[in-house]
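Notes for the one structure printed next.
The values are calculated or read from the model by the stated rules, or taken from the named source; none is laboratory data. It should be emphasised that the depicted structure is a prediction, and the values quoted were computed from it without experimental measurement. All Cβ positions, glycine included, derive from the backbone under ideal geometry; neighbour counts span all protein chains shown. Each accessible area value is taken on the protein alone, full model and side chains, heavy atoms only, with ligands, DNA and RNA left out. Shrake-Rupley method; radii C 1.70, N 1.55, O 1.52, S 1.80 Å.
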Amino acid sequence: TMLSSVAQPFFGWWTDRGPRRWMIPAGILTAGIGAGLSGLFSSYLLTWAVLALSGLGVAAFHPEAARGARQAAGNSNRAMSVFALGGNAGFALGSTVATLVLLAGGLRGTWLLVLPAVLMALLLLSRLDTVLDGRVGARLTHTMPTGDDDWPAFLRLTAVVVVRSILFFGLSSFLALYFIRVLGASTALGGAALTVFLVAGAGGTLLGGWIADRLGRLFSIRIGFTVAIPGLLGLLLAGNQSVALFFVVLTGIGAFMPFSVFVVMGQDYLPNRIGTASGVTVGLAVTIGGLFSPLFGRIADSMGLRFTLSTFVVLPILALLLSLLMREPGEGSGA
């Protein structure tokens, strides 16, 4: 994941020098091959190497795929949210699919994970150009962002994305443990709570795009963080598992509402570097949040899980305050 995040801006920079649509199927296939090989080696070093290969595939896929999604979506935030929904659904379903594969075939059954990547790569190779460009003789016209790059505005957006990322990875790491050790839930229910968070997040992704198209992108971002605050507070104060699950849903919706909007706004802030913008908003800034998980783990060991989750309440508040410094692209450029 680290290698994928660091590499994504570089792949984005490369695609900005000339679109490389072939990287979309190639990235998926490379990621699938790396994941498929991960269970086949007894060498720890080789296992690391193939996981790194998988991460590079993800890094190659995202910037060019985000460009293609913007080409297809135009200025529709809701359409971009459908693209983002695919990734969020993958987070929610990926661990379940991997578990089923390992139960069916053991550790060496990971080769089965290559199959969906191969099928999707073949589908993209055969259909992607037609979908994005239209059929011969009926070419599609596209609305892509134009204007000057606004780096100060993009950096403010990146700061908000990083804070949201810390919240996402923190909850992903400790939500199940919180249910098990603090609320007395079974291991199965603890895992289900995490799945509920991610599924609610998928719905929040779509809702965020829909609201952005109707009430504005900044409103969608700010209302998402506003919803996450009482969600987290309710989770902390909940006395039983059912009530806590309700607030997990609320938190998931709020935390994911800004996700697809970030991608569109980043591309609009850097219209001449769409690949770079996508690589940062989808890749680097998102996964930086994962670096804070060990810190939260140390806090949990010394202060307890309830205290750790209480620190998460600060994050949507901070993200909301930082979002107040943001402006729509083209408004107060460079301010």
Inset, instruction - Please express the shape of the stretch 21-166 as an equivalent ellipsoid: the semi-axes are the square roots of 5 times the eigenvalues of the C-alpha gyration tensor, given largest first in whole angstrom. - result: 32, 21, 14
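Quick one: order Trp111, Trp48, Trp210 from most to least accessible surface, probe 1.4 Å. Walk me through the numbers before you get to the answer.
On the way: Trp111 130, Trp48 160, Trp210 110 Å².
Ranked list, largest accessible area first: Trp48, Trp111, Trp210.
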Legend entry - Using distinct alpha-carbon pairs, which all enter the 1/r mean, Kirkwood radius of the stretch 154-223 in Å: 13.8
Legend entry - Two-decimal ratio, the stretch 1-75, of alpha-carbon radius of gyration to 2.2 N^0.38 Å: 1.20
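Using the C-alpha gyration tensor of the stretch 201-335, what are the square roots of 5 times its eigenvalues, in whole angstrom, with the largest one first?
Numbers: eigenvalues 169, 65, 32 Å².
Three semi-axes, in Å: 29, 18, 13.
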Inset, instruction - Starting from one equal scatterer on each C-alpha and no solvent at all, send me the Debye-based log10 I(q)/I(0) for the chain at q = 0.08, 0.10, 0.11 Å⁻¹, two decimals. - result: -0.38, -0.61, -0.74
Inset, instruction - Pop out the carbon and sulfur fraction of the accessible area of the chain as a percent, whole number, probe 1.4 Å. - result: 70
Legend entry - Inter-centroid distance (Cα atoms) of the stretch 162-205 relative to the stretch 243-267, Å: 13
Legend entry - Area accessible to solvent at Phe259, 1.4 Å probe radius, in Å²: 30
Legend entry - Estimated inter-spin distance, Phe246 and Tyr44, nm [label 7 Å along Cα→Cβ]: 4.8
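How large is the charge dipole for the stretch 28-140, taken about the Cα centre, if only the Cβ atoms of Lys, Arg (+1) and Asp, Glu (-1) carry charge, to the nearest 20 debye? Numbers along the way, then the final one.
On the way: 7 positive and 3 negative charges, 46 e Å.
Taking the Cα centre of the stretch 28-140 as origin, the dipole is about 220 debye.
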Inset, instruction - Using a 10 angstrom cutoff on alpha carbons, build the Gaussian network for the chain and name the most mobile of Leu45, Leu194, Leu157. - result: Leu45
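To the nearest 20 debye, what charge dipole does the chain have about its Cα centre, counting +1 at the Cβ of each Lys and Arg and -1 at the Cβ of each Asp and Glu?
That gives the chain a dipole magnitude of about 300 debye.
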Legend entry - Charge dipole magnitude, Cβ of K and R +1, D and E -1 - the stretch 176-335, Cα centre, debye nearest 20: 180
Legend entry - Percentage relative contact order, the stretch 214-315, counting C-alpha pairs under 8 Å, at least six apart: 26
Inset, instruction - Provide the per residue accessible area, probe 1.4 Å, for the chain, rounded to a whole number of square angstrom. - result: 46
Inset, instruction - Calculate the length of the line joining the C-alpha centroid of the stretch 283-307 to that of the stretch 16-76, in whole Å. - result: 26
